[in-house]
1. Identify, please: which residue in the stretch 155-172 is buried (at least 20 other Cβ atoms within 10 Å of the Cβ) and in contact with a Lys or Arg (Cβ under 9 Å, 6 or more places away or on another chain) and is, among those, nearest to Arg300 (Cα to Cα)?
2. Within the stretch 79-102, identify whether any single residue is over 21 Å from Ile214 (Cα atoms), touching a Lys or Arg at 6+ places or on another chain (Cβ under 7 Å) and among the polar types (S, T, N, Q), and answer yes or no.
3. Quick one: count up the residues across the stretch 211-224 that are assigned to a strand (DSSP E or B) and crowded, with 21+ Cβ neighbours inside 10 Å.
4. Let me confirm something: among Met181, Met173, which residue is in contact (Cβ under 8 Å) with a residue 60 or more places away in the chain and either among the hydrophobic types (A, V, I, L, M, F, W, C) or not assigned by TED's automatic domain parsing to the domain that holds Ala259 (or both)?
5. One residue is enough: does the stretch 78-85 have a residue meeting the conditions buried (at least 19 other Cβ atoms within 10 Å of the Cβ), closer than 30 Å to Leu281 by Cα, assigned by TED's automatic domain parsing to the domain that holds Gly136 and touching a residue at least 40 places away in the same chain (Cβ under 8 Å)?
6. Within the stretch 60-77, can one find any residue that is surrounded by fewer than 23 Cβ atoms within 10 Å (Cβ to Cβ), under 20 Å from Arg307 (Cβ atoms) and in the same structural domain as Val25 (by TED's automatic domain parsing)?
7. Lys292 - would you say it is farther than 22 Å from Phe117 by Cβ and among the basic types (Lys, Arg)?
8. Go through the residues of the stretch 267-276 one by one and say whether even a single one is part of a loop (DSSP other than H, G, I, E, B), of a type in the set (Gly, Ala, Ser) and either surrounded by fewer than 23 Cβ atoms within 10 Å (Cβ to Cβ) or in the same structural domain as Cys121 (by TED's automatic domain parsing) (or both).
Amino acid sequence: MKKISISVAVAMALLGSAAVQAKTVKIEMTAKEVELPIDNKGTMYRSWTYEGMVPGPVVHVEEGDVVEFTLHNDKTSKNSHSMDFHAARVDVVKDFEMVKPGETGGYTFRADYPGVFYYHCGADPMIQHIARGMYGAIIVDPKDKKSIPKPDREYVLIQSELYANPDNVADMMANKWTNVMFNGGIFKYDPVHDPAATRMLQAKPGERTRIYFINAGANEFSSFHAIAGIWDAVYPSGNPKNVLHGMQSYVVGPGDAAAFDIISPVEGANALVTHSMRQALTGGIAILQYTKDADPKMGRGDNILVR
């Protein structure tokens, strides 16, 4: 599998006595159409992806970075694909244009705002490309590290809807989904409702755990709630300047995102859910387990999006 390619060029300049750093980050992804499991039992689904995975790779940059993005569309693809970074301010016609199978496109943007942002395919019909799995997260760390508390652990959760027949655009337009998923799986992190689930999110009591939550949609709003917990802080779009405290739930619309901080004073678990019961009970539940023996690798490094 081709990995996300990131290279960094650093140029130093002097303004008086202060050093100014300019950083360019090069990101490459390949659009691939593959079969992937959508549940813990291995039910396969024809997915359209970035890098052969749903969600796509987590992109991590810093506020002010210049991102040089390249999209390759695999020659075996049957469809054109594109990339819409919600962290970018560019020309929608020129930069978000579709890339045909076997061809390459790209554009450059500066990550001007810190936070967590959605990315997705914008090829027509966009609803179908999103429903088949072409989405992911770009996290833009604030340049001022003191502007937001440093978390002990971080997790990415992306909510989406499963459509039984994604070739039928009319069903998607009519919102006829069968399940709601987190990170491309039905009850992916919930052994309570699906005994076949083997994964849960982990943290220790007293740790600050940050959930980067994105609603990929394509249609439903999410009322994101931690059962048996309270959000210590909610940052709409993940921006440190947008902060709410002591929240029981927070609504994230399709195509939007927020960062949620939670701290448990006790061992046990929270169930992270979309509080629409139809959404939760068809797959939109993730268990966050608190134990003194929490795996030190969970919620850190490559394990912020649990595959």
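The values are calculated or read from the model by the stated rules, or taken from the named source; none is laboratory data. This structure is a prediction, so every number in the text was calculated from the model and none was measured. All Cβ positions, glycine included, derive from the backbone under ideal geometry; neighbour counts span all protein chains shown.
1. Looking at residues that are buried (at least 20 other Cβ atoms within 10 Å of the Cβ) and in contact with a Lys or Arg (Cβ under 9 Å, 6 or more places away or on another chain), I get Tyr155.
2. Yes; the residues of the stretch 79-102 include at least one that is over 21 Å from Ile214 (Cα atoms), touching a Lys or Arg at 6+ places or on another chain (Cβ under 7 Å) and among the polar types (S, T, N, Q).
3. Qualifying residue count, the stretch 211-224: 9.
4. Met181
5. No, the stretch 78-85 has no match at all.
6. For the stretch 60-77, residues surrounded by fewer than 23 Cβ atoms within 10 Å (Cβ to Cβ), under 20 Å from Arg307 (Cβ atoms) and in the same structural domain as Val25 (by TED's automatic domain parsing): present.
7. Judged against the criteria, Lys292 is a match.
8. Scanning the stretch 267-276 turns up at least one residue that is part of a loop (DSSP other than H, G, I, E, B), of a type in the set (Gly, Ala, Ser) and either surrounded by fewer than 23 Cβ atoms within 10 Å (Cβ to Cβ) or in the same structural domain as Cys121 (by TED's automatic domain parsing) (or both).
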